[in-house]
Each structure stands twice: as C-alpha cells, then as structure tokens.
Amino acid sequence: MAQPWQRVVARELLVAGADAIVGCHSHLVHPVELFDGKPVYYCVGSTSVPRNRATLALTRNRDSYRSVAVEMVLDDRLAMSSRTIALDASSGVVTESQDQQPLPSLDGALDSEYVARFRVLRHKKHVPVVCARWSDALLVPYVELPYRMIALKPVAALWHAVRYGRARTTKKQ
Amino acid sequence: MTASGHDMSLARFFGDINPVGPLPASGLFRTAERGVGVANLEGWLSGDTGRPRQDMGFTAEELGRAVIEWQLGAVSVANNHVLGGGTMRLDELTRELDRLGVDWFGTAERPWTVVCLADGSRLGLLGFVWRLTGIHSRLLNLAYLSVTRQIQQTRQLRSLCDFLVVFPHWWY
C-alpha cells in the first residue's frame with residue numbers, strides 16, 4: 001500500500017500539471033488510483049525482490065507478487081489514458097505475463113479512512129506513517145536514524161583502529 | 001493511429017531495472033507505434049566485467065544491450081542506488097547514455113527531459129528521488145517531505161510538453 005503522504009503529494013503534482021504518475025522503489029506492486037481521471041501508479045514493482053518483511057509476506061502467495069509495466073495510450077479524442085501490462089519474471093527473463101489481471105484500485109478512499117486502513121494493513125509496522133501533516137516533521141529523526149548510523153561508520157572504524165593500536169602496544173610491553 | 005480508430009501507444013513505463021535481478025526480454029519496451037520505453041536504471045556503469053557480482057553496476061555491454069534489445073528510449077537515474085559506485089561512476093553512466101542516444105533525467109542538473117514521439121507530440125518526463133529512500137546527495141533531484149521543488153518543476157515542464165508523466169522513486 002502507498003503511504004498516505006504519497007496520495008497527498010500525488011494530488012499536488014497532478015494539480016501542478018502532471019498527466020500521470022508512475023512510481024517505483026518498493027519492489028512491490030501497489031494499487032492504482034485516479035484523481036480527476038488522471039492515473040497514479042504508486043509503485044509498479046521491480047524484477048529484483050529483496051528479502052524483507054513486506055516482500056516475504058506477499059511472496060509466500062506466489063500469485064500475489066506481480067510486476068507491471070504501464071502503457072500510456074492516446075485515444076481518438078487525443079486524450080491520454082493508461083493500461084497495465086502484467087509481467088512475469090519466473091523464467092529468469094522478464095516477459096509479458098499470460099495472466100493479465102487489472103490492478104486493485106483505491107478510487108474513492110477518503111484520506112482519514114485510508115490512513116486508518118493503512119495503519120492496520122501495512123507490512124512494515126516499524127516504519128512510521130507519513131501523512132503529509134505538520135506532525136511528519138517529528139518523524140524525520142526517527143526515520144533517518146539508520147542512515148545516520150551509516151554516517152557514523154568512520155567513527156566506529158576509528159574506534160577499532162585505536163583499540164587495535166592499544167592492543168599492539170600492550171603486547172609489545 | 002488515432003485517425004483510423006484505435007489507440008496509439010505513447011510510452012511504456014517500467015519500474016526499477018538492476019543488474020542483480022532478471023532482465024527484460026528483448027523488445028519488451030517496444031510499442032507498436034514507436035513509442036518510447038522508460039525505466040528506472042538502478043545502478044551505475046561498472047568497470048568490472050565479471051559475473052556473477054554482488055554490486056549493482058552495469059557493464060557497458062549490458063547497458064548497450066538495454067538500449068538496443070529492450071528498446072529503452074529514456075531512463076531515470078533518480079534512485080537510491082545510482083551513486084553506489086560514487087559520483088564518478090554516475091558521470092560515466094550519463095556519458096555512456098549520451099553516447100548511446102538515450103535521454104536521461106532525474107539529476108539536479110537535469111531533473112526532466114522532453115522526448116519527441118513519432119507522431120510529433122512531446123512527452124515530458126520528470127524524475128525525482130525521495131530523501132527517505134536513503135539517498136542524500138544533492139547531485140540528484142532530491143525530494144523532501146514538502147516536495148515543493150518538484151511541484152515547481154512540474155509547473156515549468158508543463159509548458160514545454162504535450163503530455164507530462166512524473167516518474168518518482170519514492171517510499172514505501
């Protein structure tokens with residue numbers, strides 16, 4: 001499922017002039033949503049699926065994991081519309097799947113209802129819910145903590161070097 | 001064509017392509033009306049040609065094949081893996097993409113590209129990567145919680161193209 005924040009941002013981008021949004025990153029296919037007839041594909045999946053909590057939960061049921069391509073088409077009235085093409089990577093090469101099913105849709109879901117539903121259904125419970133409200137600013141330090149730990153790696157390396165030096169000095173004595 | 005009554009394909013969008021996963025079959029991005037294939041290139045141009053590798057570097061050969069066999073016309077480099085080989089590798093990647101004639105977008109310097117389609121219409125592509133995916137380099141078109149800059153970019157790009165698709169690399 002898409003973060004509630006993404007729904008708000010998607011709407012702002014469409015209002016600013018975008019005709020469609022096609023997102024990626026989370027390696028899983030998310031539902032599609034239409035705002036004023038313009039499609040938002042929050043995530044179209046990926047061919048490479050890392051083993052994490054969310055992907056494991058979904059890939060247990062083989063049919064539930066799919067990757068899709070989105071095709072933008074121009075109709076008779078010169079208006080842009082879109083359709084999804086389900087992909088199959090089970091043979092080791094990504095091809096069009098024989099089983100072309102439509103993506104689930106979020107159309108009509110109210111923001112507050114969606115946030116409540118998202119809190120229950122999301123797989124990554126450890127990740128805070130970002131709702132595009134002022135309170136999100138409070139979440140940033142928490143969300144960024146793993147990245148700050150990575151930034152501290154050189155400090156850890158220095159600490160190990162000091163320990164190693166001390167150990168060698170002690171050994172010589 | 002639309003004049004004859006059927007829909008015309010403008011573009012096919014694919015998610016992340018990286019060299020550690022299964023790669024697309026030949027011609028997967030090809031559309032009937034010579035539309036453009038667009039994907040997110042998760043990786044850099046690696047000098048290491050051996051396989052299998054753990055890193056996400058494309059060899060120049062793989063990248064060339066991506067363009068010719070998969071019929072990729074434009075790629076976004078806005079993702080949290082593209083700087084895994086350092087900024088020099090990103091430079092090499094974009095130079096190679098230029099050499100191959102592939103439009104690329106998603107950096108701070110080039111957040112968008114406008115692709116001219118076979119029917120003469122212009123397709124605008126805007127790419128950005130969200131900060132909380134783990135990337136922090138301002139070399140890329142980096143989006144924070146507010147996404148203010150990307151909204152301004154969308155407004156600017158709107159005037160330069162007939163169709164505009166935003167291609168974000170975002171959570172969750």
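The values are calculated or read from the model by the stated rules, or taken from the named source; none is laboratory data. Because the structure is predicted, anything quoted here is derived from the model rather than measured. All Cβ positions, glycine included, derive from the backbone under ideal geometry; neighbour counts span all protein chains shown.
Some observations on this one:
- Filter result (more than 8 Å from chain A (Cβ to nearest Cβ), more than 21 Å from B:Val114 (Cβ to Cβ) and touching a Phe, Trp or Tyr at 6+ places or on another chain (Cβ under 9 Å)) within the range B:136-150: B:Leu142, B:Tyr144
- Among residues of the range A:77-114, those that are closer than 21 Å to A:Asp19 by Cβ, part of a loop (DSSP other than H, G, I, E, B) and either within 14 Å of chain B (Cβ to nearest Cβ) or at pLDDT 75 or above (or both), counted: 6
- Any hit, the range A:140-157, residues being modelled with pLDDT under 80, surrounded by 13 or more Cβ atoms within 10 Å (Cβ to Cβ) and among the aromatic types (Phe, Trp, Tyr): yes
Yes/no per residue for (1) assigned by TED's automatic domain parsing to the domain that holds A:Lys125; (2) farther than 19 Å from A:Tyr114 by Cα; (3) of a type outside the set (D, E, K, R):
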| site | (1), (2), (3) |
| --- | --- |
| A:Val8 | yes, no, yes |
| A:Glu12 | yes, no, no |
| A:Gly17 | yes, yes, yes |
| A:Ile21 | yes, yes, yes |
| A:Val29 | yes, no, yes |
| A:Leu34 | yes, no, yes |
| A:Gly37 | yes, yes, yes |
| A:Val40 | yes, no, yes |
| A:Ser46 | yes, yes, yes |
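- Residues in the range B:151-171 that are part of a helix (DSSP H, G or I), at the interface with another protein chain (Cβ under 7 Å from one of its Cβ atoms) and within 17 Å of the chain's Cα centre (by Cα): 1 in all.
- Residue in the range B:121-135 that is over 26 Å from A:Cys43 (Cβ atoms), surrounded by fewer than 23 Cβ atoms within 10 Å (Cβ to Cβ) and within 13 Å of chain A (Cβ to nearest Cβ) present: yes
- Some residue of the range A:115-127 being away from chain B (no Cβ under 14 Å) and small (Gly, Ala, Ser): yes
- When B:Arg110 is tested against the conditions (1) in a helix (DSSP H, G or I); (2) within 13 Å of the chain's Cα centre (by Cα); (3) surrounded by fewer than 16 Cβ atoms within 10 Å (Cβ to Cβ), the lone failure is (1).
- Inside the range B:118-143, residues that are in contact with a strand residue (DSSP E or B) (Cβ under 8 Å, 6 or more places away or on another chain), under 24 Å from B:Thr94 (Cβ atoms) and not in a helix (DSSP H, G or I) make up a count of 16.
- Condition broken by B:Gly15, with the remaining ones in (1) in contact with a Ser or Thr (Cβ under 6 Å, 6 or more places away or on another chain); (2) assigned to a loop (DSSP other than H, G, I, E, B); (3) modelled with pLDDT of 75 or more satisfied: (2)
- Of the residues making up the range A:21-48, those that are facing chain B (nearest Cβ under 8 Å), surrounded by fewer than 24 Cβ atoms within 10 Å (Cβ to Cβ) and on the phi < 0 side of the Ramachandran plot are A:Thr47, A:Ser48.
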